[in-house]
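Working notes for the structure below.
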Amino acid sequence: MQSSLIVQKYGGTSVGSIERIRAVAQRVAHTVRQGHQVVVVVSAMGDETDRLVELAEQILEGSPTTPGQQREWDMLLSTGEQVSIALLALALQKLGCPALSMTAAQVGILTTRDHMRARILEINTERLRYHLDRGEVVVVAGFQGITSPVELEITTLGRGGSDTTAVALAVALQAQLCEIYTDVPGIFTTDPRKVPEARLLTEITSAEMLELASLGAQVLHPRSVEIARNYGVNLRVRSSLQPLQGEEDHLGTLIVSPPPRPRTGGIEMGLAVDTVELDRDQAKLVLVGVPDRPGIAARLFQEIAAAGVNVDLILQSLQFSPAAPSAQPSNDIAFTVSRSQAKVAAAVAQQIGWELGCAEVVMDEAVAKVSIAGVGMIGRPGIAAQMFQVLAEAGINLQMISMSEMKVSCVVAAERAGDAALALGEAFQVIPHLHRPETPLVPQDGDPARRQPVRGVALDAKQSRIGIRKVPDRPGTAAYLFGQLAAAGIIVDTIIQSQRGYHNGIPSNDIAFTVPQEQAAAAEALCQQVAGQLQAAGVDSDHAIAKVSIVGAQMEAYPGVAARLFTALAEAGINIEMIATSEIKVSCVVRREQGIPALQAIHRAFGLDQPQG
Ligand code: ADP
Ligand code: ASP
Ligand code: MG
């Protein structure tokens, strides 16, 4: 009987009215009639959680900051789901389908004590099984948990967390399938509400889905994808709005995961890092003082690609503190290539740098890239900070930082790279790979859609950029800064350091990064403090940014992908303020009002609006 257990999750819109709740009940009853045991997870009705947030914000005149306020926040927000589970259970009973609802406390969904962003440790399946074995449907409240069966403190998993409840239940119950029902027919190449030409994907890898989800595609909570990947859950995203007749023709999108590895620890608390890699075949090129106007990155990387050079990491940041107050704003663009291609790349960079009047073009062949990777890093900002700390303690300076959901890489001096990898291996308890990881080959056969380098694009218009000017360039500054931010639970993305300048005669860098808008005020206040301690020149923030990103697991194997992205933006007249890449994604920061036009331009440029294959 166990093999036919299905977990179905219905989001806010899907249970947004009595009529919709009735339709969900029909679908659940239909699944039961097909011979399955069903556990249903539901969100709060419609925008109920937003309404509750507004009420609390009116009282607090802002977001909760103290532990006491965060506790009450969870107490309040968890009520939304308690309404919808009861209504759905009633609707099922009315259809003659035996059903009952349960809160997280009644089921026993145990989480960490972190209010507003708790992680699931364990789910007790005893009561669920008891009811399932009696032929009942159990409707479970999503998004909530409790700290312990004795203490019974209510926690929530973070906005959008019902998806995570559903996938975690599928793991605990060893369900055959977890279906996420939402208001669109599945995962699209981008948000179909923002780009009407977006196309439905029949399949996407969990690695790609994780990046998209973390880069603004809120269709799945990133942590639900993490759990699905770690435990090999059969996960599907489908529409709850399709009629039940002919539903087999609307199977939505399958999220494909590699075979699971054995895991220890709580459901969401496995080892964060499972590989440490060292890539010595790297050379770094930097163009200092590049004019800040549309089209520059496009031209540079087009010519680099035309010379047959494959670029690895690219970072571009605005110099916040130009040499003279009257100076024009300018950027630094830094990138890495394999050493055998360094000379060719340098010749192109020098030529363009000269034409653009750059202050300097620097090549450094004595660098290497060390990386930590693992699915368990998602939503745990402390892991990157720990990496920086380990490197700082070994006295190793960070030249470039690149982050994705599953990987953090640092470019360091070649002579210290071996030490860096060993120190990281020891700290994260894994044996480092001391050779270059293989670049995936361009897939030649199989699903033709897989031959596309870019699988999806995403827009995140809810980020702010924080910059710290003139941070002394010595080991440990990044570790200290990002350690403090992580300790405050601030999720940092897209970290960029400018190239070395001088402040009071001391070598220094500007550091910029993006954070979720609602954390910007806290991040800025903390940075002010840290800037004072480190004797940096100052802090500024920019709340009018948007981040557009392209994602594709096989992107590395296709030269010129980044150039195509920059060209699409240049042709749309959009200026790029920051660039950050990793193997699986390229993100650009642009003005917020250009976010949607940027998304549309990129979607078109990669042919995502065309039938695949
Ligand atoms: P639910 O309430 O069911 O959890 P969400 O609003 O959280 O629904 O997620 C569904 C929404 O995600 C869709 O309405 C769509 O606008 C948005 N979305 C963003 N990116 C994508 C994408 N790549 N594919 C599908 N939907 C997306
Ligand atoms: N109701 C919660 C929210 O709106 C959880 C969810 O819908 O997934 O964030
Ligand atoms: Mg959602």
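The values are calculated or read from the model by the stated rules, or taken from the named source; none is laboratory data. These figures come from a predicted structure and were not determined experimentally. Backbone-built Cβ (ideal geometry, glycine too); neighbour counts: all protein chains shown. Keep in mind that these areas ignore ligands, DNA and RNA; they rest on the heavy atoms of the full protein, side chains included. Shrake-Rupley method; radii C 1.70, N 1.55, O 1.52, S 1.80 Å.
When the helices of the chain are scored as -39500 (n - 2.57) per DSSP H run of n ≥ 4 and the total is divided over every residue, the value at 222 nm lands at -10000 deg cm²/dmol.
Note on surface exposure: TYR502, TYR558 rank TYR502, TYR558 by accessible area, highest first, 1.4 Å probe.
When you restrict to C-alpha pairs under 8 Å that are six or more residues apart and normalise by the size of the range 482-613, the relative contact order lands at 20 percent. Peptide packing for 348-358, 582-592 was compared via the average number of neighbouring C-beta atoms within 10 Å per residue; ordered from the highest value, the list is 582-592, 348-358. Sorting 92-99, 384-391, 5-12, 275-282 by average packing, meaning the other beta carbons within 10 Å per residue, from highest down gives 5-12, 384-391, 275-282, 92-99. The ratio of the alpha-carbon radius of gyration of the range 105-209 to the globular-protein estimate 2.2 N^0.38 Å is 1.27. Based on Cα atoms of the chain, Rg over Rh with Rh as the Kirkwood radius reads 0.98. Computed on the Cα atoms alone, the convex hull of the range 76-149 gives a volume of 68 cubic angstrom per residue. Charge dipole (Cα centre; +1 on Lys/Arg Cβ, -1 on Asp/Glu Cβ; no other charges) of the chain amounts to roughly 520 debye.
Within the range 568-613, the ratio Rg/Rh, alpha carbon atoms throughout and Rh by Kirkwood, equals 1.00.
Taking 0.36 nm per residue of separation and subtracting the current Cα-Cα distance, fully stretching the chain between ASP47 and GLN533 would add 170.7 nm. Maximal additional length on extending the SER148-GLN242 stretch stands at 29.9 nm, based on 0.36 nm per residue less the C-alpha distance. Over all projection directions, the Cα-based convex hull of the range 9-90 averages an area of 6.0 nm².
Most simply put, the range 29-140 has about 30% antiparallel DSSP beta bridges, counting only bridges with both residues inside it.
Note on the range 342-442: Rg/Rh from C-alpha atoms, Kirkwood Rh, equals 1.05.
Using every pair of separate Cα atoms, the Kirkwood estimate puts the hydrodynamic radius of the range 528-575 at 14.4 angstrom. Once you treat every alpha carbon in the range 239-372 as an equal point and sum by Debye, what is log10 I(q)/I(0) at q = 0.17, 0.20 Å⁻¹? The calculated log intensity ratios at q = 0.17, 0.20 Å⁻¹ are -0.90, -1.11. Name the residues of the range 276-319 whose amide N is less than 16 Å from a point 7 angstrom out from the Cα of GLU365 along the C-beta direction? What the label zone holds, given the 16 Å backbone N cut-off, is 280-286. Dividing the alpha-carbon radius of gyration of the range 451-518 by the rule-of-thumb value 2.2 N^0.38 Å gives 1.39.
Given the Cα-Cα distance of TYR130 and ALA488 and 0.36 nm per residue of separation, how much length would full extension add, in nm? Present the calculation step by step, with values, prior to reporting the outcome.
Values: separation 358, 0.36 × 358 = 128.88 nm, distance 4.09 nm.
So the chain would gain 124.8 nm between TYR130 and ALA488.
DSSP assigns beta bridges within the chain; of those with both partners inside it, close to 75 percent run antiparallel. Entry note, the chain: relative contact order of 13 percent, from Cα contacts under 8 Å with a spacing of 6+ residues. Label positions at LEU55 and THR202, each projected 7 Å from the Cα along the C-beta direction, are separated by 4.6 nm.
Given contacts defined as C-alpha pairs under 8 Å and at least six residues apart, what's the relative contact order of the range 96-183, whole-number percent? This gives 31 percent for the range 96-183. Taking 37 °C and 0.692 mPa s as the conditions, I'd like the Stokes-Einstein D for the range 529-613 in µm²/s, using the Kirkwood hydrodynamic radius from alpha carbon pairs. Translational D for this selection: 226 µm²/s. For the range 455-613, the C-alpha radius of gyration divided by 2.2 N^0.38 Å, with N the number of residues, is 1.14.
Between the range 224-272 and the range 531-561, the C-alpha centres lie 29 angstrom from each other. Return the lysines within reach of LYS462: Cα separation strictly under 30 angstrom, same-chain partners fewer than 8 residues apart disregarded; answer none if there are no such residues. LYS462 reaches LYS9, LYS194, LYS407, LYS470, LYS547, LYS585.
Hey, how much of the P(r) for the range 229-312 falls beyond 14 Å, as a percent of Cα pairs? Above the 14 Å cut-off, the range 229-312 has 80 percent of its Cα pairs. Assuming charge only on the beta carbon of Lys and Arg (+1) and of Asp and Glu (-1), the dipole of the range 167-279 about its Cα centre is about 220 debye to the nearest 20.
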